Amino acid sequence: MPLDFTKHFVAVPTEFKLRNNTGCSWRVMVKLMNGRVTLDQGWATYAAVQHIKFGYMVTFKILTPDTLKVIIFDDDGIEVVNKCGKHDEAFAAKD
């Protein structure tokens, strides 16, 4: 994520809940590396289930200090809408 992303937080959380455009939520662990926020454990599963491919654009909007809305656009700039898919229950966020 961009370096300026961290300025929106008093303290960057160790975990984010990612909420997609159909209301599904996922837990993703966060790491700070060289001043950058990186999505760690749980991100690979999320990306696979959401079918994020090389060339896609992923946007993040801060909803709450620990919740991000994720919108995915394909390589033609069209929003990708995926239903809640089966995934590792360890990373399913409980609302």
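Observations on the structure shown:
- Percent of beta bridges antiparallel (DSSP, the chain, rounded to nearest 5): 85 percent
- Only lysine pairs 8 or more places apart, or on different chains, with alpha-carbon atoms under 16 angstrom apart are counted in the chain, and they number 10.
- Here is the size of the chain from its Cα atoms: Rg then Dmax, 13.0, 36 Å.
- Charge sum, other residues only, whose C-beta stays under 12 Å from Val70's C-beta, Lys/Arg counted +1 and Asp/Glu -1: +3
- Whole-percent carbon and sulfur share, accessible surface of the chain, 1.4 Å: 55 percent
- Normalised per residue, the accessible area of the chain is 64 Å², obtained with a 1.4 Å probe and no contribution from ligands, DNA or RNA.
The values are calculated or read from the model by the stated rules, or taken from the named source; none is laboratory data. As the structure is a prediction and not an experimental result, all values here were calculated from the model. Ideal geometry is used to build each Cβ from the backbone, glycine not excepted, and the neighbour counts take in all protein chains shown. The protein model used for the area step is the full one, side chains on, heavy atoms only, and it has no ligands, DNA or RNA in it. Shrake-Rupley method; radii C 1.70, N 1.55, O 1.52, S 1.80 Å.
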